[in-house]
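The values are calculated or read from the model by the stated rules, or taken from the named source; none is laboratory data. What you see is a predicted model; the values in this text were computed from it and never measured. Positions of Cβ are generated from backbone atoms using ideal geometry, with glycine treated the same way; all protein chains shown enter the neighbour counts.
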C-alpha cells in the first residue's frame, strides 16, 4: 500500500508496475528496469513510502547506487520528496552512498576493529600501481620479478597488471584457497602453477605493504568491510531495508556484503534494481549473474518478488524499436540447458505520449572519415539553425574510445563549423597550454632538460615532451628570470646538503601567482587543470617524502619528480579533470565514451565509428583470469566463447538507448558486420534531412544542481578567517601545502576517539596507563606513517600526557557515553550543513555535547573562541533536529590543560544563541554563493604567514 500523502502527490504519475514496487513491504524484490523507465524515481519513492508508513526509520534504511554523484542526487531528491509530503523526521541518519562509500563509512565507524589506522589512504587507479611500482622488489622476491617481466613487460606494466590481479583475488575472496594450493606444491612445474605461486606470494607481500603504509585499494576496502560484517554481526542490528540501484554492475564481494547486510531481518528485505542488458563493467569484476540469479538465492526465506519496468518515457518509438531489434537479433542462449543470459523483455514507448512522424534513427557514412566528419558537423549545425536543438550540449557524440586516433578528426570538423567540443577523457591533460608551462617551470627549476637524464621507463616519449615544453617557456622572459632566482636557491640547498624549508608545492604557489599564469587562473577549465596539478604534487609528496642519506630533499625531488613520477603520470595518459559543477558546458557538443554516457540521456545522440567495432569482436576476447577461475566460489556463468558477443551487444544497447529525439549512426565506408542488418533499416541522413523539421524542438532543460554541502570548520570558519583562502582551497579545490591540523593534535583526537569507542562497547574494560599508552602508540604510528612532517619526541610525549590526563580525570564520565563522532546533516533551502559531534554523553536530564580542542584554554575571549561557541550552538541545533530534544549542556574540553577544572569549559546557551548561530551561517553562505571573496579585513598575521595565497596578496598590495 502506498501512503496516502505520497499517493496524492504522485497520483497519475505512476504506472502499475511502479506502484507495485513502491508498495513493497517485506522480503526480497528484484526490479528489472529498462532504459528511461524511471527506476531511480521508483526506488526513491519506495524509500519514502517505507519511512512514511513507519516500516523503517532513517537509521534502518540503506540505499546504494553506483556513483557518488548519483548518491548525492538521491539524497537531494529524497529530501525534496520529504518536504513535499511533510515528513519531518531527521533524515541525516539515512545512509545513501555508493557501495565503496558505504564500506568506507563502516570501516571509519568501526576502525578499532580493523587492521587500519586513522588517516588511512584509499588508493586510486594511479596510486595503486604507483605504490606497487615503488615497492616491486619488496613485493616480488627472488625470481618472481623477472618472471612477471617476461610475462608482461617493463616494471610499470608489471605494477599495473599486478594491481589488476590483486584486485581480482581480493574481490573473489580466494586468497585462502590460493595459499592452500601453493603450499601443497613441492615445486611448480607448469606455467599455471608457476604463475599462481608467484602471484600468491606477491599478493601476501602486497597485503603486508598496505598494512605497513596504512593504505587500502578499493578491493581491500570492501574486503575490510566484509570482514567487519562477518566478525561483528552486531553491526547490522537494527537495519530493516537495503535498497540497491544498478545491481547488474556488482561483483562477488559486493554481492556478499549486501546479502550480509540484508541478513539483519529474517525476511531478507533486500531490493535490487538493474538491467542486465546495461551491464558494462565486467572489466571491473562485475557479473550479470548477480542480477540474473537473484531470484534463486537459497538464503531467502520467502519467494523473491519480481517486477519489470519496460516503459521508456524519454525516447521516440523508432529509437526504442531500433534497440529492441538490436538485442532481439542475437541468440542469448548460454551453454548448458539453454540458459538465457538476459531476461525476455520488450521495451515500449510511453503509451500516453504523442510523437511526431520523422526519421528518428539515421545513418551517415562516407568513403573517408574526414568527409563523414564534415557531413556530421554540418548536420548538427543545421539542427541548431533550425531550432531542433537550443544548445549544442544537447548533442552527445559517443565513441568506444575518445583517444585522439578516434576523436581528433571529428573535433576538427566541428571546430571548422564553429562548434566547440567538450571531451575531457581524450587523455590530453599533458597537452594543455597551462600544464605544459608549469611542467616547463619545474623542469627548469630542477635542471631537467630532457636530454642528459634518462627516465624510469625505457623509450619513453616524456623527455621529448619536456624539451618541447621548455621551448614554450622562452616566450615568458619575466617568468624565466624568477625561475633563475629560484633555481639558484635550489642548487644552493642541494650542494649544501641542507634540509629545505620548501616543498615542491611551495614553488608551485610561488609560480602560480606570477602574471604568466593569471590568464589561466581566470579561465575555469584551465584553472581546474592547474588544481589537478596541485593534487598531483600532493600525491608526489606523500609517496616520495623520505630522503635518502646521501641526497637532500630537493635533490631527491630532482631525481624522482621528473625522472619517475611525472614520467609515469605522462605514460599513464592522464585525462582532463572533470568539473562536477560543469559536466555539460554550454554550447559544446559532449564527446564521451559509451561507459561515460551510461545513465545519461540527450535529445540527439551520435554513435560514431561503427566500422571500427571489430576491435570488440568475439575473436578478441581473452580470459585474463583463466588461472584463477578454478578457485572462484562459483562456476563460470557465461560460456567463454560468447562473452565478447554478449558484452558487445550490451555496450551498444546502452549507446543507442541514450537518445531521446534523434539517433545518428556513423561509419567509414560501411558498418561492421555486426551492425549490417539493423543498419539497413535506418534511412541515410542525406535523404531524410528535410523530414527532420518535424523533429520536436529540444528545449533547454534547467540543470538541477546538487545542493552544496558545507561544514562549519571546513567552510564557514575558513571563509570567516579569510575569504580568499576559502576561494582557492574550497571553491577552486587547490591543495594547500600545509595540513590544517598538526599531527600531535590529530593523535590526541584519534586516540580519544578509540578510547571512547572502547568505553562504549566494553564499559567494564580497565583503562590503565599501559592500555592507554598502547592505544596511543598504535594510533600515533599510523598517523606518522602517513604524515610528511617529522615529530619531535617532546611533542609526542606532550600529546600522550594529554590523553593520560583526560582519562585519569574522566573515568566516571566515560560511563555516560551515548555516541561518538555523531554525524549530522541539516537540510536548508539553499544548502546542506554537515558535520560530526565529537562526543555525546547521556545525563539524567538529556544529552550533553562535548567538543575537544587540543590546545590550552584561552585566557580571554578571542575570535577563535567565538567560532567555537558558534560551532557548539550549531551542533545543538543539529542534535535537536535529529532527536527532537535540545541538548542539556554544551562543553569545550581543552586537552592541553593538566587539570579538569581548567580543561572543561561549559558554554551556556539559549534558543537565541542557536538562532544567532544559524543566522550567522546563513550570512556566510550568502557571501559564499555570491562569490564575495574580496578581503574586507586582514586576518591575523600568523594566518597570512602560513597561507599559500600570500604571494598573490603581496602582489596585489593587500599584505
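At-a-glance table
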| quantity | calculated |
| --- | --- |
| Test: residue in the range 184-192 that is outside the structural domain of residue 227 (by TED's automatic domain parsing), modelled with pLDDT of 95 or more and more than 20 Å from residue 223 (Cβ to Cβ) | no |
| Residues satisfying the stated conditions in the range 690-723, i.e. in a helix (DSSP H, G or I) and within 25 Å of the chain's Cα centre (by Cα) | 712, 713, 714, 715, 716, 718 |
| All helices (runs of 4 or more DSSP H) inside the range 95-143 with 1 or more residues being in contact with a strand residue (DSSP E or B) (Cβ under 6 Å, 6 or more places away or on another chain) | 99-109 |
| Which listed residue is at pLDDT 95 or above and either in contact with a helix residue (DSSP H, G or I) (Cβ under 6 Å, 6 or more places away or on another chain) or assigned to a helix (DSSP H, G or I) (or both), from 19, 5 | 19 |
| Single residue of the range 57-91 satisfying the filter (outside any helix (DSSP H, G or I) and under 26 Å from residue 227 (Cα atoms)) that is nearest to the chain's Cα centre (by Cα) | 67 |
| Residue among 204, 231 that alone is surrounded by fewer than 16 Cβ atoms within 10 Å (Cβ to Cβ), more than 22 Å from residue 757 (Cβ to Cβ) and at pLDDT 95 or above | 204 |
| Yes/no for residue 331 being surrounded by fewer than 20 Cβ atoms within 10 Å (Cβ to Cβ), touching a residue at least 12 places away in the same chain (Cβ under 8 Å) and on the phi < 0 side of the Ramachandran plot | no |
| Checklist (1) modelled with pLDDT of 90 or more; (2) at positive phi applied to residue 351, failing item | (2) |
| Elements of type helices (runs of 4 or more DSSP H) in the range 348-445, at least 3 residues being in contact with a helix residue (DSSP H, G or I) (Cβ under 9 Å, 6 or more places away or on another chain) and surrounded by fewer than 18 Cβ atoms within 10 Å (Cβ to Cβ) | 369-385, 404-416 |
| Residue match in the range 303-321 (condition: touching a residue at least 24 places away in the same chain (Cβ under 8 Å), outside the structural domain of residue 676 (by TED's automatic domain parsing), surrounded by fewer than 18 Cβ atoms within 10 Å (Cβ to Cβ) and within 27 Å of residue 632 (Cβ to Cβ)) | yes |
| Residue check, residue 330 within 25 Å of residue 691 (Cβ to Cβ) and outside the structural domain of residue 259 (by TED's automatic domain parsing) | no |
